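J.: This is the structure I have questions about; it appears just below.
The values are calculated or read from the model by the stated rules, or taken from the named source; none is laboratory data. What you are looking at is a predicted structure, and each value in this text was computed from that prediction instead of being measured. Virtual Cβ from ideal backbone geometry, glycine too; neighbours counted across all protein chains shown.
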Amino acid sequence: MSLFFLLLLPFLVGLVMAVMPTRARTSLAGGASLISAGLTAWLITLYPLVRDGQVIRQTVSWIPSIGLDLILRLDGFAWMFSVLITGIGALVALYARYYMSPADPVSRFYALFLLFMSAMLGVVTSGNLIQLVVFWELTSLISFLLIGYWHHRVDAQRGARMALIVTGAGGLALLGGVIVLGHIVGSFDLDVVLGSGDRVRAHPLYAPVLILVVLGALTKSAQFPFHFWLSRAMAAPTPVSAFLHSATMVKAGVFLLARLWSVLSGTELWFWVVGGAGAATLLLGSYIAMFQHDLKRVLAYSTMSHLGLITLLLGLNSPLAAVAGVFHIMNHAAFKASLFMAAGIVDHETGTRDIRRLTGLWSRMPYTGALALVASAAMAGVPLLNGFLSKEMFFAETVFMTSQPWVERGLPVLATLAAIFAVVYSLRFGYGIFFGSPATDLPREPEEAPRWMRAPIELLVLCCLIVGMAPSVSIGPALAVAALPVVGGVLPEYSLAVWHGFTAPLYMSLIAITVGIAAYVRIRRHQRRGHLQNAPVIERFNARRLFDLGLLWLTLWARRILKVLSPARLQPQMFAIIAIALLLALLAARDLPLAWGEREQLPASAAFVLLWAIGMACAIGAAMMAKFHRLVAITLMGGAGLVTCLTFAWFSAPDLALTQISVEVVTTTLFLLGLRWLPVRLEELGVVASARTRLRRARDLLLAIAAGTGLATLSYAMLTRSAPQSISPFFLERALPEGGGTNAVNVMLVDFRALDTLGEITVLGAVALTVYALLRRFRPAAESMLAPRQQRAVPADVGTDLVGPTTVEGVARGYMGVPTVIARLLLPVMLVVAAHLFLRGHNQPGGGFVAGLVIAIAMITQYIVSGSRFVEGRTRLLPGRWVAWGLLLATCTGLGAITLGYPLLTSHTAHFAVPLLGDVHFPTATFFDLGVLFVVVGATLLMLTAIAHQSLRAHRQPSVVAAPVAHVEAP
């Protein structure tokens with residue numbers, strides 16, 4: 001199976017689950033668990049292929065001219081992370097079946113869950129740095145949706161927004177670092193980058209690269225000073241927290257540091273930046289965790305602390321410390337996932353996560369209590385559990401490291417102090433809530449969770465025990481496979497034995513456990529008396545408060561700048577855009593003298609000159625009449641568009657002419673429908689414009705003349721120059737043999753430049769959705785709701801529309817009787833014409849775009865002559881789905897080529913022998929063109945629906961229109 005299925009399978013299944021019914025909780029959980037477990041089993045079978053430093057690599061050509069390809073790369077380190085992601089993902093998916101409420105939209109949860117898994121797998125298996133950043137930002141975006149899953153809660157909204165801002169900003173920094181790193185190395189290929197460590201460290205841009213990459217890692221893993229967002233993310237459902245903290249989101253930062261360890265480490269700057277951030281987070285997180293009263297917040301700060309430990313290990317510039325960091329990544333995933341799920345069970349069964357209310361649960365939840373105790377002991381580093389082994393390796397590294405004297409003396413003390421704090425918060429979680437007198441004021445009467453809800457915790461706790469008691473057999477080979485790609489070259493010597501004798505690390509562990517127990521007893525006594533409610537001293541330096549103040553400051557300044565640069569009225573915005581563009585063009589051309597080319601000019605054609613004289617007259621007339629008579633202005637604009645269409649036909653461009661005439665019909669009609677709902681202008685009522693208004697119009701006229709003259713001059717200068725090389729022969733020669741069609745224009749759109757077309761239809765769909773959303777908030781003026789006088793003179797066709805006889809909907813049938821019959825007879829004819837244009841588009845003028853416009857014209861006509869109630873009462877248009885299916889069809893057509901080993905959007909032409917018709921060729925680009933058709937139809941109908949529905953909505957308050965009075969100044 002291809003590595004690409006590792007990403008595509010959860011992605012596609014997630015899309016399917018998004019449309020499944022919410023009631024199918026068991027099916028959704030079973031599907032997600034089976035998919036994750038199946039991927040885990042398949043990854044385990046790949047172990048022999050990644051052993052001894054081997055790499056599985058698969059490449060799909062993307063943009064080879066700039067060295068950008070889609071590369072999936074699975075070495076031992078990526079393999080280990082992928083197993084953690086899919087394995088723990090399977091357990092969390094099963095656990096969520098019992099945790100989530102039947103009232104929750106569970107289909108959305110599992111869809112986002114699998115999409116997030118796919119994005120995280122993309123991060124760890126990316127063999128291209130740009131590709132890694134894309135998946136990196138996808139994890140930030142999807143985690144935003146997961147953290148804010150309960151979007152009706154304010155804490156979920158704020159936590160999701162904070163996480164997105166911090167991690168998204170870090171992703172931008174990472175992108176900058178990756179671009180500079182690729183510039184230094186000369187490639188974005190991860191294999192090339194990993195082999196260029198000496199070159200990178202010796203480059204003058206090493207420091208900026210290091211700072212930018214580390215910023216991305218520290219923000220993602222909630223390391224100091226970006227640690228504050230992690231506790232706010234606890235508003236997410238507990239299954240989300242278990243998955244994010246153990247194997248995915250917050251582990252991505254330490255993954256990146258380990259991934260690029262052989263490239264960026266080994267310098268003093270790396271030691272102080274990475275090691276300093278890790279040390280500060282290790283101590284700060286463990287200290288704050290001791291004083292939290294929410295179970296999940298205790299675990300959140302402990303996660304921060306343990307990630308700080310891993311970051312510190314990676315920052316020590318020691319291969320053995322890097323191995324210890326990889327080891328603790330594995331151990332932390334096991335006990336942290338089990339602890340979060342245990343916390344979820346306690347919350348699920350008691351109705352609260354407040355430690356102050358949770359005591360004596362052992363008698364009613366003994367199995368959960370035993371699992372939580374073992375997992376807490378692993379987190380505290382108790383012997384014979386997995387957390388003890390990696391903690392011992394960490395202690396050994398701090399004791400035997402070589403650095404400045406104060407660092408050599410201070411680092412063991414810091415490590416021991418953090419271990420003491422870890423014992424305290426582990427006791428608060430494991431011992432404090434299960435022992436003591438039973439609680440009596442709980443929201444719900446606690447009882448043991450369902451058997452299958454505890455099963456994932458039991459499996460993870462079993463792993464903690466097995467690894468802690470027999471590490472060399474259980475985890476030793478996997479650790480060697482995972483650590484070798486990180487350190488590069490040869491693994492350092494290390495031992496996973498449970499007993500190393502009476503050594504300094506053992507004494508440090510004993511001190512931490514003994515002092516930690518004593519500290520827990522003392523802190524618990526003070527907290528019961530109400531003397532310690534928050535972390536002393538640290539609460540005064542609240543990074544979250546600084547973030548909120550900074551965000552408030554940025555928001556205020558952004559509003560002030562926006563108020564200056566983007567006023568409410570459209571005219572000043574347009575003036576600023578055109579004036580700035582003109583100024584920039586003049587500045588760019590100041591050193592380039594304008595000169596005409598020496599190209600031989602063709603004699604002028606009287607007919608062509610007359611044609612463009614008519615077009616110029618229409619354009620000038622439209623500009624003049626826009627202030628006084630909208631209908632005339634729109635009509636003249638249509639005339640200018642028709643001249644442009646005839647020009648395309650004149651220069652033998654039938655595809656452009658056909659598209660232009662269709663676009664003109666659609667846009668002109670939509671403009672007329674839109675202007676129908678605007679209130680009457682003051683000029684039409686006889687109101688005289690003020691001197692200030694006339695001066696502004698004169699200024700606009702001068703700017704328009706300047707911009708138009710500049711563009712005309714530039715166009716003339718370019719047209720009189722000879723083109724260095726024409727690109728038309730390239731497409732004309734390759735259209736049929738490589739694109740499967742004789743119409744070079746259409747082949748360019750759906751084959752050679754299909755990526756551009758995909759981007760354009762995506763923008764078109766986004767614009768249509770934006771217009772629809774804006775017009776849903778618009779309410780027409782009261783006077784616009786009445787039908788014109790000439791329509792009210794004809795009685796409505798009562799019985800077909802349930803509206804009044806004086807409204808637009810009410811008179812549509814009665815006033816437009818003859819056109820209605822003609823339009824309905826033409827509807828099937830226009831659909832047949834659209835099908836003809838679509839099917840011939842690959843070889844003759846036509847295609848999906850113009851066919852979609854013809855269908856849109858047919859539907860617009862029905863709306864105009866019959867009214868929106870009549871049309872929508874007889875057919876379900878669902879334009880949003882047209883857009884969605886069009887984009888999906890176009891994208892899947894492109895991805896289909898990748899699955900067969902070809903670059904994205906590569907087309908293929910199949911030939912069939914059809915009786916009576918002979919040889920018929922069918923290009924796969926037809927499906928892409930069909931997607932274009934769907935998007936064009938959907939986008940046009942979406943905007944049309946938004947406009948047409950104005951007649952069905954409650955109108956706003958009528959405008960204050962007095963009798964025409966001369967010499968009244970306009971506002």
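J.: Across the stretch 83-106, which residue is farthest from the chain's Cα centre (by Cα) among those that are of a type outside the set (A, V, I, L, M) and crowded, with 24+ Cβ neighbours inside 10 Å? Give the derivation first.
T.: The initial filter retains those residues of the stretch 83-106 that are of a type outside the set (A, V, I, L, M), namely 86-87, 89, 95, 97-99, 101-102, 104-105.
Then keep just the ones that are crowded, with 24+ Cβ neighbours inside 10 Å; that gives 86-87, 89, 95.
Working: Thr86: 21, Gly87: 25, Gly89: 21, Tyr95: 27 Å.
In this case the residue turns out to be Tyr95.
J.: Also, quick follow-up: Met290 fails exactly one of the following numbered conditions: (1) surrounded by fewer than 24 Cβ atoms within 10 Å (Cβ to Cβ); (2) farther than 22 Å from Ala247 by Cα. What is the number of that condition?
T.: Failed condition: (1).
J.: Return yes when Leu484 is buried (at least 18 other Cβ atoms within 10 Å of the Cβ), in contact with a Pro (Cβ under 6 Å, 6 or more places away or on another chain) and either touching a residue at least 40 places away in the same chain (Cβ under 8 Å) or part of a loop (DSSP other than H, G, I, E, B) (or both) and no when it is not.
T.: On the way: buried (at least 18 other Cβ atoms within 10 Å of the Cβ): yes; in contact with a Pro (Cβ under 6 Å, 6 or more places away or on another chain): no; either touching a residue at least 40 places away in the same chain (Cβ under 8 Å) or part of a loop (DSSP other than H, G, I, E, B) (or both): yes.
Taking the combined requirement at face value, the residue does not satisfy it.
J.: Being among the hydroxyl-bearing types (Ser, Thr, Tyr), in a helix (DSSP H, G or I), more than 18 Å from Lys336 (Cβ to Cβ) and in the same structural domain as Gly325 (by TED's automatic domain parsing): is that true of Thr359 here?
T.: Values: among the hydroxyl-bearing types (Ser, Thr, Tyr): yes; in a helix (DSSP H, G or I): no; more than 18 Å from Lys336 (Cβ to Cβ): yes; in the same structural domain as Gly325 (by TED's automatic domain parsing): yes.
It is false that Thr359 is among the hydroxyl-bearing types (Ser, Thr, Tyr), in a helix (DSSP H, G or I), more than 18 Å from Lys336 (Cβ to Cβ) and in the same structural domain as Gly325 (by TED's automatic domain parsing).
J.: Within the stretch 837-859, can you find the residues that are surrounded by fewer than 24 Cβ atoms within 10 Å (Cβ to Cβ), touching a residue at least 12 places away in the same chain (Cβ under 8 Å) and farther than 16 Å from Gly886 by Cβ?
T.: Result: Asn843, Gln844, Pro845, Ile857, Ala858.
J.: Additional query: Looking at Leu916, Leu904 in this structure, which one is under 28 Å from the mean Cα position of the chain (by Cα) and either hydrophobic (A, V, I, L, M, F, W, C) or assigned to a loop (DSSP other than H, G, I, E, B) (or both)?
T.: Values: Leu916 fails: under 28 Å from the mean Cα position of the chain (by Cα).
The match here is Leu904.
J.: Within the stretch 872-887, track down each residue that is surrounded by fewer than 18 Cβ atoms within 10 Å (Cβ to Cβ) and in a helix (DSSP H, G or I). Even if it seems obvious, please write down each step before you answer.
T.: Keep residues of the stretch 872-887 that are surrounded by fewer than 18 Cβ atoms within 10 Å (Cβ to Cβ), which gives 872-878, 880-881, 884-885.
Across the stretch 872-887, the qualifying residues are Glu872, Gly873, Arg874, Gly880, Arg881, Ala884, Trp885.
J.: Something else now. Being part of a loop (DSSP other than H, G, I, E, B) and either in the same structural domain as Asp347 (by TED's automatic domain parsing) or of a type outside the set (Gly, Ala, Ser) (or both) is true for just one of Arg444, Arg428, Arg409. Which residue is that? Give the derivation first.
T.: On the way: Arg428 fails: part of a loop (DSSP other than H, G, I, E, B); Arg409 fails: part of a loop (DSSP other than H, G, I, E, B).
Answer to the check: Arg444.
J.: Looking only at the stretch 387-429, count how many residues are over 12 Å from Ala279 (Cβ atoms), of a type in the set (Phe, Trp, Tyr) and in contact (Cβ under 8 Å) with a residue 12 or more places away in the chain.
T.: Selection size over the stretch 387-429: 5.
J.: Right, another one. Looking at the stretch 556-605 only, could you name the residues that are polar (S, T, N, Q) and within 30 Å of the chain's Cα centre (by Cα)? Steps first, please.
T.: At the first step, the residues of the stretch 556-605 found to be polar (S, T, N, Q) are 566, 571, 573, 601, 605.
Those that are polar (S, T, N, Q) and within 30 Å of the chain's Cα centre (by Cα): Ser566, Gln573.
To keep it simple, each residue is scored yes or no on (1) over 15 Å from Leu7 (Cα atoms); (2) of a type in the set (Val, Ile, Thr).
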position: Ser118; (1), (2): no, no
position: Leu138; (1), (2): no, no
position: Ser143; (1), (2): yes, no
position: Ile147; (1), (2): yes, yes
position: Gly159; (1), (2): yes, no
position: Ile165; (1), (2): yes, yes
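J.: Could you count how many residues in the stretch 383-406 are in contact with a helix residue (DSSP H, G or I) (Cβ under 6 Å, 6 or more places away or on another chain) and outside any helix (DSSP H, G or I)?
T.: 2
J.: Restricting to the stretch 709-753, count the residues that are farther than 17 Å from Leu656 by Cα, assigned to a helix (DSSP H, G or I) and not aromatic (Phe, Trp, Tyr).
T.: The total comes to 19.
J.: Further question on the same structure: Can you pull out every residue in the stretch 243-269 that is part of a loop (DSSP other than H, G, I, E, B) and under 18 Å from Gly315 (Cα atoms)?
T.: Residues satisfying the conditions are Val250, Leu260, Ser265, Gly266, Thr267.
J.: If we scan the stretch 153-160, do we find a residue that is touching a strand residue (DSSP E or B) at 6+ places or on another chain (Cβ under 8 Å) and aliphatic (A, V, I, L, M)? Write out each step before concluding.
T.: The first filter runs over the stretch 153-160 and keeps only residues touching a strand residue (DSSP E or B) at 6+ places or on another chain (Cβ under 8 Å), leaving none.
Within the stretch 153-160, not a single residue is touching a strand residue (DSSP E or B) at 6+ places or on another chain (Cβ under 8 Å) and aliphatic (A, V, I, L, M).
J.: Moving to a separate point now. Would you please name the residue that is modelled with the lowest pLDDT, looking only at residues in the stretch 896-954 that are among the small types (Gly, Ala, Ser) and in contact with a Pro (Cβ under 6 Å, 6 or more places away or on another chain)? Write out each step before concluding.
T.: We begin by selecting, within the stretch 896-954, every residue among the small types (Gly, Ala, Ser); these are 896-897, 901, 907, 910, 913, 918, 925, 931, 938-939, 946, 948, 951, 954.
Imposing the further condition that a residue be in contact with a Pro (Cβ under 6 Å, 6 or more places away or on another chain) reduces the set to 907, 938.
Values: Ser907: 80, Gly938: 92.
The qualifying residue modelled with the lowest pLDDT is Ser907.
J.: Residues of the stretch 107-126 being of a type outside the set (Gly, Ala, Ser) and crowded, with 22+ Cβ neighbours inside 10 Å, which ones? Walk me through it before giving the result.
T.: Let us first name the residues in the stretch 107-126 that are of a type outside the set (Gly, Ala, Ser), namely 108-110, 112-117, 120-121, 123-125.
Hits for the stretch 107-126 are Phe109, Tyr110, Phe113, Leu114, Leu115, Phe116, Met117, Met120, Leu121, Val123, Val124, Thr125.
J.: State whether the residues of the stretch 401-416 include one that is farther than 22 Å from Gly432 by Cβ, among the acidic types (Asp, Glu), buried (at least 19 other Cβ atoms within 10 Å of the Cβ) and out of contact with any Phe, Trp or Tyr (no Cβ under 8 Å at 6 or more places or on another chain). I'd like the intermediate steps shown before the answer.
T.: Initially, the stretch 401-416 is screened for residues farther than 22 Å from Gly432 by Cβ, giving 401-416.
Next, only the ones that are among the acidic types (Asp, Glu) stay: 408.
Adding the requirement that they be buried (at least 19 other Cβ atoms within 10 Å of the Cβ) leaves none.
Within the stretch 401-416, none of the residues are farther than 22 Å from Gly432 by Cβ, among the acidic types (Asp, Glu), buried (at least 19 other Cβ atoms within 10 Å of the Cβ) and out of contact with any Phe, Trp or Tyr (no Cβ under 8 Å at 6 or more places or on another chain).
J.: From (1) surrounded by fewer than 24 Cβ atoms within 10 Å (Cβ to Cβ); (2) of a type outside the set (S, T, N, Q); (3) farther than 19 Å from Gly182 by Cβ, pick out the condition that doesn't hold for Leu299.
T.: (1)
One line per residue, one yes/no per condition, for (1) over 21 Å from Val745 (Cβ atoms); (2) part of a loop (DSSP other than H, G, I, E, B); (3) touching a Gly at 6+ places or on another chain (Cβ under 9 Å); (4) modelled with pLDDT of 90 or more:
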site: Val632; (1), (2), (3), (4): yes, no, yes, no
site: Ala649; (1), (2), (3), (4): no, no, no, no
site: Val666; (1), (2), (3), (4): no, no, no, no
site: Gly674; (1), (2), (3), (4): yes, no, no, no
site: Pro679; (1), (2), (3), (4): yes, yes, no, no
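J.: I would also like to ask the following. I'd like the full set of residues that are among the hydroxyl-bearing types (Ser, Thr, Tyr) and farther than 28 Å from Val209 by Cβ, limited to the stretch 269-304.
T.: We begin by selecting, within the stretch 269-304, every residue among the hydroxyl-bearing types (Ser, Thr, Tyr); these are 281, 286-287, 301-303.
Within the stretch 269-304, Ser286, Tyr287, Tyr301, Ser302 qualify.
J.: Pairs needed: first member in the stretch 865-889, in the same structural domain as Leu826 (by TED's automatic domain parsing) and more than 13 Å from Leu942 (Cβ to Cβ); second member anywhere, of a type in the set (Ser, Thr, Tyr) and part of a helix (DSSP H, G or I); C-beta distance under 6 Å; at least 6 residues apart or different chains.
T.: Val865/Thr820; Ser866/Thr820; Val871/Tyr863
Conditions (1) among the β-branched types (Val, Ile, Thr); (2) crowded, with 19+ Cβ neighbours inside 10 Å; (3) within 29 Å of Gln58 (Cβ to Cβ), marked per residue:
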{"site": "Leu129", "(1), (2), (3)": "no, yes, yes"}
{"site": "Val134", "(1), (2), (3)": "yes, no, yes"}
{"site": "Leu138", "(1), (2), (3)": "no, no, yes"}
{"site": "Gly182", "(1), (2), (3)": "no, yes, yes"}
{"site": "Arg201", "(1), (2), (3)": "no, no, no"}
{"site": "Val213", "(1), (2), (3)": "yes, yes, yes"}
{"site": "Gly216", "(1), (2), (3)": "no, yes, yes"}
{"site": "His227", "(1), (2), (3)": "no, yes, no"}
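Conditions tested, residue by residue: (1) over 36 Å from the mean Cα position of the chain (by Cα); (2) surrounded by 23 or more Cβ atoms within 10 Å (Cβ to Cβ); (3) in contact (Cβ under 8 Å) with a residue 40 or more places away in the chain.
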residue	(1), (2), (3)
Ser318	yes, no, yes
Ala322	no, yes, yes
His348	no, no, yes
Arg357	yes, no, yes
Trp362	yes, no, yes
Tyr367	yes, no, yes
Ser376	no, yes, yes
Val382	yes, no, yes
Leu385	yes, yes, yes
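J.: Hey, another quick one. Select from the stretch 307-322 the residues that are part of a helix (DSSP H, G or I) and among the small types (Gly, Ala, Ser) and write down the one among them that is farthest from Pro492 (Cα to Cα).
T.: Ranking the qualifying residues of the stretch 307-322, first place goes to Gly308.
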